[in-house]
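Only one structure is covered here, and it is reproduced in the block below.
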Protein chains: 2
Amino acid sequence: MSNLENTQAQMRKGVLEFCILSIISKGEIYPSDIISKMKEAKLIVVEGTLYPLLTRLKNAGLLGYRWIESNAGPPRKYYALTELGQSYLQELNTTWNELVAAVNQTANINTQSHE
Amino acid sequence: MSNLENTQAQMRKGVLEFCILSIISKGEIYPSDIISKMKEAKLIVVEGTLYPLLTRLKNAGLLGYRWIESNAGPPRKYYALTELGQSYLQELNTTWNELVAAVNQTANINTQSHE
DNA sequence: TTTAGTACTATGTGTAACAAGGTACTGTTT
DNA sequence: AAACAGTACCTTGTTACACATAGTACTAAA
């Protein structure tokens, strides 16, 4: 793996949890669809990453799930945020905004400037 | 360590390399001053993190350094970007901007909107 | 020559993403 | 009904990297 690819992967890693919670916050969703949504946003995540992450978040009380039957295959686990998860997500939102500000300060860049 | 603190730390991890290269790109600087600059930007980094990181970047050909004597203590290693490091930093810049866009897409947020 | 301050270095630990492989359920084809 | 294909969920081992901690080395002042 090249330096660049590795560093890009490192950057992605840090925000996975935040992105996945954000996606779930928009409504009940099951893992395979989360992967699709992430892919749409150009954030590749694989099953071996997602399942343990969801379990970790559930055990932390941030997520809950219920089984819903599918008409094409086995039942699916639909995840949703708990109340704790919602407030946690708000804090991550703040963290993210602060991080963007901090990084842009070191880079002296205004990435989203409008003229 | 709480969930939140841990996740915040994970977010930071991903961008450390980018931030440190950005800081060095503004002119020769030695490690302790890099730590100060990072602290100014609210990105705490400690010696045990910075030194191995600098060594890794140097071994990858992205950084070089020269010894400069100090009038208060031992000599200092002043780091600077190599040409390779400069083009690498540009690529990380692109990566960072794309990441911000991707995260904001999952979050449906425009963090820097001006009215 | 001892002490304090500053700078650089090394080692061990823990977290989390990822690769790879596996299990289980459902509907369709033969 | 048996085999197969498609879908979904889960587990294990590896690797990278930040961090805590401790240690070494150089300089100047007491």
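Please name all residue pairs, on different chains or six or more residues apart, with Cβ atoms under 6 Å, provided the first residue is in segment B:1-18 and is in contact (Cβ under 8 Å) with a residue 12 or more places away in the chain and the second residue is of a type in the set (Asp, Glu).
Going by the 6 Å Cβ cut-off, there are no qualifying pairs.
Taking the options B:Leu21, B:Leu84, name whichever one is open to solvent by 70 Å² or more (accessible area, probe 1.4 Å), farther than 21 Å from A:Glu17 by Cα and in a helix (DSSP H, G or I).
Every option except B:Leu84 fails the conditions.
What number goes with the only condition from (1) more than 11 Å from DNA strand D (Cβ to nearest atom); (2) outside any loop (DSSP other than H, G, I, E, B); (3) not β-branched (Val, Ile, Thr) that A:Gly61 does not pass?
So A:Gly61 meets the others, but not (2).
I'd like to check something: does segment B:68-82 contain any residue that is modelled with pLDDT under 95, under 28 Å from A:Thr94 (Cα atoms) and of a type in the set (Ser, Thr, Tyr)?
There is no residue in segment B:68-82 that is modelled with pLDDT under 95, under 28 Å from A:Thr94 (Cα atoms) and of a type in the set (Ser, Thr, Tyr).
Which ones in segment B:87-108 are open to solvent by 50 Å² or more (accessible area, probe 1.4 Å) and either within 30 Å of A:Ser22 (Cβ to Cβ) or at pLDDT below 90 (or both)?
Start the filter on segment B:87-108 by keeping residues that are open to solvent by 50 Å² or more (accessible area, probe 1.4 Å), which leaves B:87, B:90-91, B:94, B:97-98, B:101, B:105, B:108.
Residues satisfying the conditions are B:Gln90, B:Glu91, B:Thr94, B:Asn97, B:Glu98, B:Ala101, B:Gln105, B:Asn108.
Just to be sure I understand the filter: pairs with C-beta atoms under 7 Å, separated by 6 or more residues or on different chains, first member in segment B:52-64 and closer than 17 Å to B:Ser25 by Cβ, second member more than 11 Å from DNA strand C (Cβ to nearest atom) and open to solvent by 70 Å² or more (accessible area, probe 1.4 Å). Which pairs pass?
Here the result reads B:Ala60/A:Asn3; B:Gly61/B:Leu84; B:Leu62/B:Leu84, each pair linking segment B:52-64 to a residue that is more than 11 Å from DNA strand C (Cβ to nearest atom) and open to solvent by 70 Å² or more (accessible area, probe 1.4 Å).
Counting only residues that are in contact with a strand residue (DSSP E or B) (Cβ under 8 Å, 6 or more places away or on another chain) and among the hydrophobic types (A, V, I, L, M, F, W, C), which one in segment A:3-33 is nearest to the other protein chains (Cβ to nearest Cβ)?
Going residue by residue through segment A:3-33, those that are in contact with a strand residue (DSSP E or B) (Cβ under 8 Å, 6 or more places away or on another chain) are A:21, A:23-25, A:27-32.
Then keep just the ones that are among the hydrophobic types (A, V, I, L, M, F, W, C); that gives A:21, A:23-24, A:29.
Values: A:Leu21: 9, A:Ile23: 6, A:Ile24: 10, A:Ile29: 12 Å.
The selected residue is A:Ile23.
When the residues of segment A:52-75 are filtered to those that are surrounded by 12 or more Cβ atoms within 10 Å (Cβ to Cβ) and near DNA strand C (Cβ under 7 Å from one of its atoms), which remaining residue is farthest from the other protein chains (Cβ to nearest Cβ)?
By that ranking, first place goes to A:Leu53.
Might you let me know whether segment A:24-32 holds any residue that is out of contact with any His (no Cβ under 8 Å at 6 or more places or on another chain), farther than 21 Å from B:Asn3 by Cβ and near DNA strand C (Cβ under 8 Å from one of its atoms)?
No, because not a single residue in segment A:24-32 is out of contact with any His (no Cβ under 8 Å at 6 or more places or on another chain), farther than 21 Å from B:Asn3 by Cβ and near DNA strand C (Cβ under 8 Å from one of its atoms).
Pairs please, first residue from segment B:90-108 and under 18 Å from A:Ile24 (Cα atoms), second anywhere and of a type in the set (D, E, K, R) and part of a loop (DSSP other than H, G, I, E, B), Cβ atoms under 6 Å, 6+ apart in sequence or on different chains.
Listed pairs, sorted by first residue: B:Ala102/A:Lys42.
When only residues in segment B:38-51 that are within 14 Å of chain A (Cβ to nearest Cβ), in a helix (DSSP H, G or I) and within 14 Å of B:Glu17 (Cα to Cα) count, which is nearest to DNA strand D (Cβ to nearest atom)?
First, pick out the residues of segment B:38-51 that are within 14 Å of chain A (Cβ to nearest Cβ): B:38-45, B:49-50.
Subset that is in a helix (DSSP H, G or I): B:38-40, B:49-50.
Applying the additional criterion that residues be within 14 Å of B:Glu17 (Cα to Cα) yields B:38, B:49-50.
Working: B:Met38: 9, B:Thr49: 3, B:Leu50: 8 Å.
For segment B:38-51, the residue satisfying everything is B:Thr49.
The values are calculated or read from the model by the stated rules, or taken from the named source; none is laboratory data. Quantities reported herein were computed from a predicted structural model and do not represent experimental measurements. FYI the Cβ positions are ideal-geometry reconstructions off the backbone, even for glycines, and counts take in every protein chain you see. To get the accessible areas, we keep the full protein, side chains included, count just its heavy atoms, and leave off ligands, DNA and RNA. Shrake-Rupley method; radii C 1.70, N 1.55, O 1.52, S 1.80 Å.
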